[in-house]
1. Please compute the length gained on full extension between Gln72 and Arg51, using 0.36 nm multiplied by the number of residues separating them and subtracting their Cα-Cα distance.
2. As an exercise, use a Förster radius of 45 Å and the Cβ-Cβ distance of Glu194 and Thr296 to find the FRET efficiency, rounded to the nearest 0.05.
3. Please figure out what share of the DSSP beta bridges in the chain is antiparallel and state it in percent, rounded to the nearest 5.
4. Go through Pro36, Pro174, Leu163 and say which Cα lies farthest out towards the positive end of the charge dipole of the chain; charges sit on Cβ, +1 for Lys and Arg, -1 for Asp and Glu.
5. Kindly put Arg11, Arg450 in sequence by how many other C-beta atoms sit within 10 Å of each C-beta, fewest to most.
6. Hey, could you get me the Stokes-Einstein D for region 138-213, Kirkwood radius over alpha-carbon pairs, 25 °C and 0.890 mPa s, rounded to whole µm² s⁻¹?
7. Using the Kirkwood radius built from alpha carbon pairs, what does the Stokes-Einstein equation give as D for region 250-362 at 20 °C and 1.002 mPa s, in µm² per second?
8. Run the reach check for Lys186 against aspartates and glutamates, Cα to Cα strictly under 13 Å, same-chain hits fewer than 8 apart removed. What comes back?
Amino acid sequence: MKQGSSDLLARGVRAAEAGRVQEGLESIRAACAADPRDAEAHAQLGRWLSRLHRFEESVRAVQHALSLGPRQAHTFDTAGVILSRAGLHEQAVACFAEAVALDPASASQYFNLGASLKFLGRFGAAADAYETCLRLDPRFWRAHSALAATCTQTPASNHVERLQTLLDGGPLDPIAELHLRHALAKELEDLGREEESFAQLASGNARMHAAVGYEAGRDRQLFDTVISLFPDVLPAPPADAVDAEASASAPIFVVGLPRTGTTLVERILASHPQVASAGESQNFGVLLKRATGTQTPQVLDVGTLSQSRSVNLTAVGREYVRLTRPAGVAQARFVDKMPLNFFYLGHVARALPAASLVVVRRNPLDTGLSNFRQLFATGLPYYDYARDLRAIARYYAQFDRLVRHWQVTLPGRVHELQYEALVQDQRVATAALLEHCRLPWDEACMEFERNPGAVATASAVQVRQPLYAASVGRWRRYRRQLQPLLDELVAAGIELPDPLTSSPPA
């Protein structure tokens with residue numbers, strides 16, 4: 001490394017980690033210029049470009065870093081994280097494998113390797129990586145919850161005793177306790193100990209909910225602001241007004257609340273020979289944010305939405321397609337299944353008139369339970385509602401209000417797909433889905449579990465199995481514990497299945 005480049009890099013990383021990312025990037029770029037063959041400097045450039053959601057540039061930076069033949073484990077690990085965020089999971093696994101080979105004592109690198117292996121459906125290898133991570137650091141809390149999710153636990157093979165020992169071993173911070181209790185809840189449910197399972201969920205979620213200090217008013221403002229932006233009907237453009245070429249290559253947006261079947265629908269679509277998967281892309285929200293010029297830390301907030309009134313949405317749509325269309329694929333169409341894009345359907349309809357819009361719905365009680373059971377990333381405020389049953393019900397009511405608004409203001413543009421209907425008759429529901437998306441029937445959509453593509457969502461395990469009905473009506477197992485959810489949904493006027501006469505499954 002040339003004289004001064006190491007100091008520039010260290011200074012840049014310190015500034016970026018302190019929140020002064022632009023200042024840090026200037027020093028990191030200077031380090032790259034001072035020693036163009038410093039692979040770690042280029043990897044750090046990619047890391048912080050990624051933090052700014054400049055994914056295309058970040059991938060170029062790390063690929064350049066890898067071309068320089070790095071020999072530091074940290075460089076490979078940094079490159080792997082960025083490639084994973086970009087959906088390049090095979091390349092990410094290769095980087096993480098190099099990282100653990102160079103530094104086999106690093107727990108975090110084994111965790112990252114496990115995550116990418118899980119995304120690729122290599123669950124046995126992922127579990128091995130997580131176990132190695134925990135052997136190196138038993139207090140690597142995220143690895144416990146990740147490991148529990150890789151397979152169904154059995155009486156002969158589970159981690160219940162280990163998890164309980166850690167919980168009983170002394171004071172834990174809310175995040176550590178959240179991961180351990182979610183892991184324990186998953187394993188106890190696998191073992192048929194459902195009362196104990198729910199108690200663990202409730203305890204971990206309650207403590208984290210209190211620590212975060214969730215404000216329901218903040219979320220309500222988001223919904224109110226979006227609805228106020230699109231008060232009038234936006235009819236579908238005339239057929240001759242939509243360019244034929246654009247229509248033939250238009251993106252498909254699959255949206256909905258988390259854990260309602262959005263990944264399943266995305267896998268069905270991506271099994272079609274004319275459709276590729278872009279995964280859960282943040283690009284539309286990021287580009288809209290960038291176009292508004294707002295400087296707030298969150299991509300989605302009231303200020304950014306308010307400023308979006310003056311944005312050139314056609315330009316946003318054009319750049320979105322350029323950045324999001326998966327590289328190196330033959331398919332003309334692609335599907336983006338970022339759930340939170342339901343906030344942007346009005347923007348999308350104007351930015352991309354030929355885009356297909358699909359909203360996945362699920363029984364509100366199963367939706368509420370699944371959100372409560374899901375361990376969302378603790379640094380994302382968009383899902384803070386999901387740790388309290390009453391807050392979940394209120395959020396569901398706001399989501400329902402917004403979807404009804406889109407059905408009125410975007411007539412004929414939004415296809416609602418009911419998860420239960422898909423499970424009951426996959427062929428009929430899939431045919432309607434494909435028709436809405438202007439796709440011909442293809443039998444491959446009925447065998448989505450054979451799709452080898454990566455799945456970087458909480459449904460990574462489930463969608464590699466054929467369609468099953470075990471999750472339909474799961475709320476009945478926890479009917480007593482879900483009473484606050486049910487009460488709040490009833491108070492909000494949400495239509496429910498008949499909860500008072502339905503009996504639990506045998």
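1. Working: separation 21, 0.36 × 21 = 7.56 nm, distance 2.17 nm.
Between Gln72 and Arg51, full extension yields an extra 5.4 nm.
2. On the way: r = 42 Å, r/R0 = 0.93.
Efficiency for this residue pair is about 0.60.
3. Working: 1 of 15 bridges.
Rounded to the nearest five, the antiparallel share is 5 percent.
4. After comparing all options, I get Pro36.
5. Going from least to most buried by this count: Arg450, Arg11.
6. Numbers: Rh = 12.3 Å.
Here the translational diffusion coefficient equals 199 µm²/s.
7. 150 µm²/s
8. The qualifying aspartates and glutamates are Glu194, Glu195, Glu196.
Each value in this text was obtained by applying a stated rule to the coordinates, not by laboratory testing. The shown structure was predicted, so the numbers you read here are calculated from the model rather than taken from an experiment. Using ideal geometry, Cβ is built from the backbone for each residue, glycine included, and neighbour counts are taken over all protein chains shown.
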